[in-house]
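One structure is given below, encoded as structure tokens.
The values are calculated or read from the model by the stated rules, or taken from the named source; none is laboratory data. Quantities reported herein were computed from a predicted structural model and do not represent experimental measurements. For neighbour counting, all protein chains shown are included, and Cβ atoms are generated from backbone atoms with ideal geometry for every residue, glycine included. Remember, those area values only see protein heavy atoms, side chains included, never the ligands or the DNA or RNA. Shrake-Rupley method; radii C 1.70, N 1.55, O 1.52, S 1.80 Å.
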Amino acid sequence: MELKIENLSKTYSNGVNALKDITLTIPQGMFGLLGPNGAGKSSLMRTMATLQQADSGSITMGDIDILKDTDKVREMLGYLPQEFGVYPKVTSYKMLDHIASLKGVSNKGERKELVEALLNKTNLWHVRNKSLGTYSGGMKQRFGIAQALIGSPKLIIVDEPTAGLDPAERVRFHNLLSEIGENTIIILSTHIVDDVANLCKNMAIICLGEVVAQGNPTELIQRVQGKIWKKMIDKKELDNYKSNFQVISTHLKAGSTVIHVYNETRPDETFEPSPANLEDVYFTEIAARLNEVTV
């Protein structure tokens, strides 16, 4: 089953054009949605999760109209927003039991079996009787996934799930998402390029409310392979290089600034070729879109 988004647009009352004619086909498995802050990722997530209406366009999953059949959508949807609240004095066991009841799992025995399975799946069984207010950031994220999995959803949306997690928690979270993604559609919205590179077979990059690239990460990397060049410069020279070359990214190394430049051929003999990665794709596409706006 595929999720199809066609010509989706949304403008808020303050005039912000958050989504501009978005069209995407999202297959089963993990799908990465990359973009800088303010790109429109959260607006798209909220629209798919039936939390806001679009101005135009459509979203369908099989024979279900996501924008119209909101009750059906919520039955098959698991949603983990970027910011979600917890009742700090309630244990994870009691909270999951309560949410399962609200989602229609009325049989007490079935509910018990479901909650225990979810707590084990998300590695929270050993803290099931501790209040949610005592949980670390990573534990709260795992609880968020546990509540999103209630009802065996066919579509799971997670918005910036690894922001603020330490490396060990990120690995655990990645493993959990990969396991879940084998049998459902998971949309991973993030600005962390490595998360998409490690987890997703399909992806899209959004900038200023528009899709600027989509496809398989490996294929997207191949498009810029041989066109990325690097050079170590003095930080004081950066503005000059930005004026003369298409500088897509910079980072510090040993106190100096390393620039990555996108160019069909070597800019000059002082540049070295740099093997392309997904971060280069991301910055190339974002830079190109921003340049279109400023020209």
Exercise for the section: Take the Cβ-Cβ distance between residue 68 and residue 258 as r, set R0 to 41 Å, and report the resulting FRET efficiency rounded to the nearest 0.05. Expected result: 0.20
Practice task
Sticking with the crude label model, points 7 Å out along Cα→Cβ, report the distance from residue 126 to residue 265 in nm, one decimal please.
Solution key: 6.1
Fill in the blank from the handout: Any lysines whose Cα falls less than 30 Å from that of residue 235, other than same-chain ones fewer than 8 residues away, would be 227, 253
Problem - Full-extension gain in nm, residue 82 to residue 216, via 0.36 nm per residue minus C-alpha separation - result: 45.8 nm
Practice task
Arrange the residues 95, 48 by how much accessible surface each exposes, largest first, with a 1.4 angstrom probe.
Solution key: 95, 48
Handout entry: Residue with peak Gaussian network fluctuation, the chain [Cα springs, cutoff 10 Å], from 252, 176, 80
Key = 252
Fill in the blank from the handout: With every protein chain kept in place and a 1.4 Å probe, the residues 262, 87, 135 fall, from largest accessible area down, as 87, 262, 135
Handout entry: Accessible area of the chain belonging to carbon and sulfur atoms, whole % at 1.4 Å probe
Key = 47
Problem - segment 2-216 - percent relative contact order, Cα under 8 Å, separation 6 or more - result: 32
Fill in the blank from the handout: If R0 = 35 Å, then residue 233 and residue 112, at their Cβ-Cβ distance, give a FRET efficiency to the nearest 0.05 of 0.05
Exercise for the section: Take the chain, drop everything but the C-alpha atoms, weight them equally and run the Debye formula without solvent; then report log10 I(q)/I(0) at 0.10 Å⁻¹ to two decimals. Expected result: -0.62
Exercise for the section: Report the local net charge at residue 101: Lys and Arg +1, Asp and Glu -1, summed over other residues whose C-beta lies under 11 Å from its C-beta. Expected result: +2
Practice task
Under 15 Å from the Cβ of residue 165, count the other residues' Cβ atoms, weight Lys and Arg +1, Asp and Glu -1, and hand me the total.
Solution key: -3
Practice task
In nm, give the distance between the simple-model label positions of residue 103 and residue 20, each being 7 Å from the Cα along the Cα-to-Cβ direction.
Solution key: 3.7
Fill in the blank from the handout: Connecting every pair of Cα atoms under 10 Å apart in the chain and solving the GNM, the largest mean-square fluctuation among 245, 143, 173 falls on 245
Handout entry: Whole-number percent relative contact order across segment 207-295, with pairs defined as alpha carbons under 8 Å at least 6 apart
Key = 39
Handout entry: Residues of the chain: accessible area per residue with a 1.4 Å probe, Å²
Key = 51
Fill in the blank from the handout: The local net charge around residue 11, scoring Lys/Arg +1 and Asp/Glu -1 for residues other than residue 11 whose Cβ lies under 11 Å from its Cβ, equals +1
